[in-house]
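Presented below is the structure to which this report refers.
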Amino acid sequence: MSYPLRRLEGARVSSLHTRERAAVQHQPRLGPRSYPSLVIALPEWVPAFMTTAPDFIATPHERMRLAIDLARQSASHGGGPFGAILVEAESGRVVAPGVNLVVPLSCSMAHAEMVAISIAQQLEHSHDLGAVGRPALQLVTSTEPCAMCLGAIPWSGITSLVCGSGGDVAERIGFDEGDKPHLWSELLASRGITVLRGICADEAAAVLTDYARRGGPIYNGRDKTD
């Protein structure tokens, strides 16, 4: 299956090298300011990898294992150690994959959950994945969502969430998960979004700890000591 590019007007990710950026900054502005497009595209290995995955996945544990496999593959291909998939909750049809592309794309919002949601929205040609007449969608993520991804979940129209590793594991290896409400899963439930936590948690956590042990970059907005 091929997946569309996620295009928005803004800054094109990784479009300018450092010297080119410096040159642009020092050029006099002669007319209206123009900006390149932002393009978030799945790496080439993802569609190839997804050809080995089933089109339909029945259980939360089986769905989670695919998300974990994506996280593991992402880490081995230079991305972050996080993976996600969107599936139709009832049928189990796999709609879209997502992997963490923060470092490869120099884009702080390119978390696995955000990428999967964005790809699904482009496939459905709609920002509202929960619109009337659409099958209910479930987000399966190898690690509990950070503050940013948590906020995106109800806005996207997703009706259920399945989490692997706890966010505390990501925090322990140095990732800043942001300021989430302590009862975040209950707050999602109050919006009608069901949450399953701790699915294949040990396997999912191992991807994070292995990534840290191998010296993978721990990318945050800035050093927490600043």
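The values are calculated or read from the model by the stated rules, or taken from the named source; none is laboratory data. This one's a predicted model, so the numbers in the text were calculated from it and none came from an experiment. When we count neighbours, we look across all protein chains shown, and the Cβ atoms used for this are built from the backbone with ideal geometry, even at glycine. Note: areas computed on protein heavy atoms with side chains; ligands, DNA, RNA excluded. Shrake-Rupley method; radii C 1.70, N 1.55, O 1.52, S 1.80 Å.
Considering only residues that are open to solvent by 50 Å² or more (accessible area, probe 1.4 Å) and either hydrophobic (A, V, I, L, M, F, W, C) or within 19 Å of residue 207 (Cβ to Cβ) (or both), which ones fall in the stretch 37-77? Within the stretch 37-77, 48, 52, 56, 58, 61, 62, 65, 69, 72, 73, 76, 77 meet the criteria. Check whether at least one residue in the stretch 92-114 is among the polar types (S, T, N, Q) and open to solvent by less than 10 Å² (accessible area, probe 1.4 Å), and report yes or no. Within the stretch 92-114 (the criterion being among the polar types (S, T, N, Q) and open to solvent by less than 10 Å² (accessible area, probe 1.4 Å)), the answer is yes, since at least one residue qualifies. Of all the residues in the stretch 73-89, those that are in a loop (DSSP other than H, G, I, E, B) and in contact with a strand residue (DSSP E or B) (Cβ under 9 Å, 6 or more places away or on another chain) number 6.
Would you point out the residue of the stretch 176-191, among those that are in contact with a Pro (Cβ under 9 Å, 6 or more places away or on another chain) and not basic (Lys, Arg), that is farthest from residue 68 (Cα to Cα)? Top of the filtered list is 187. For the stretch 145-169, taking the residues that are of a type outside the set (A, V, I, L, M, F, W, C) and open to solvent by 20 Å² or more (accessible area, probe 1.4 Å), the one that is nearest to residue 71 (Cα to Cα) is identified as 168. Those helices (runs of 4 or more DSSP H) of the stretch 97-178 in which 3 or more residues are of a type in the set (S, T, N, Q), touching a Cys at 6+ places or on another chain (Cβ under 8 Å) and at positive phi are absent. The conditions are (1) in contact (Cβ under 8 Å) with a residue 12 or more places away in the chain; (2) under 22 Å from residue 129 (Cβ atoms); (3) open to solvent by 10 Å² or more (accessible area, probe 1.4 Å), and residue 173 fails exactly one of them. Which is it? Exception for residue 173: condition (2). Of everything listed in (1) surrounded by fewer than 10 Cβ atoms within 10 Å (Cβ to Cβ); (2) at pLDDT 95 or above; (3) farther than 23 Å from residue 118 by Cα; (4) not aliphatic (A, V, I, L, M), the single unmet condition for residue 25 is (2).
Screening the stretch 152-169 for residues that are in contact (Cβ under 8 Å) with a residue 24 or more places away in the chain and out of contact with any strand residue (DSSP E or B) (no Cβ under 9 Å at 6 or more places or on another chain) and picking the one that is farthest from residue 193 (Cα to Cα) gives 152.
For the criterion of being within 21 Å of residue 204 (Cβ to Cβ) and surrounded by 20 or more Cβ atoms within 10 Å (Cβ to Cβ), residue 83 passes. Close contacts from the stretch 178-196, counting a first residue that is over 13 Å from residue 162 (Cα atoms) and a second that is exposed (fewer than 14 other Cβ atoms within 10 Å of the Cβ) and not basic (Lys, Arg), with Cβ to Cβ under 7 Å and a gap of 6+ residues or different chains, come to 187/181.
The set of residues from the stretch 184-219 being in a loop (DSSP other than H, G, I, E, B), open to solvent by less than 30 Å² (accessible area, probe 1.4 Å) and small (Gly, Ala, Ser) comprises just one member, 216. Select from the stretch 125-151 the residues that are aliphatic (A, V, I, L, M) and either in contact with a helix residue (DSSP H, G or I) (Cβ under 6 Å, 6 or more places away or on another chain) or in contact (Cβ under 8 Å) with a residue 24 or more places away in the chain (or both) and list them in ascending order. Scanning the stretch 125-151 gives 129, 131, 136, 137, 139, 140, 147, 148, 150.
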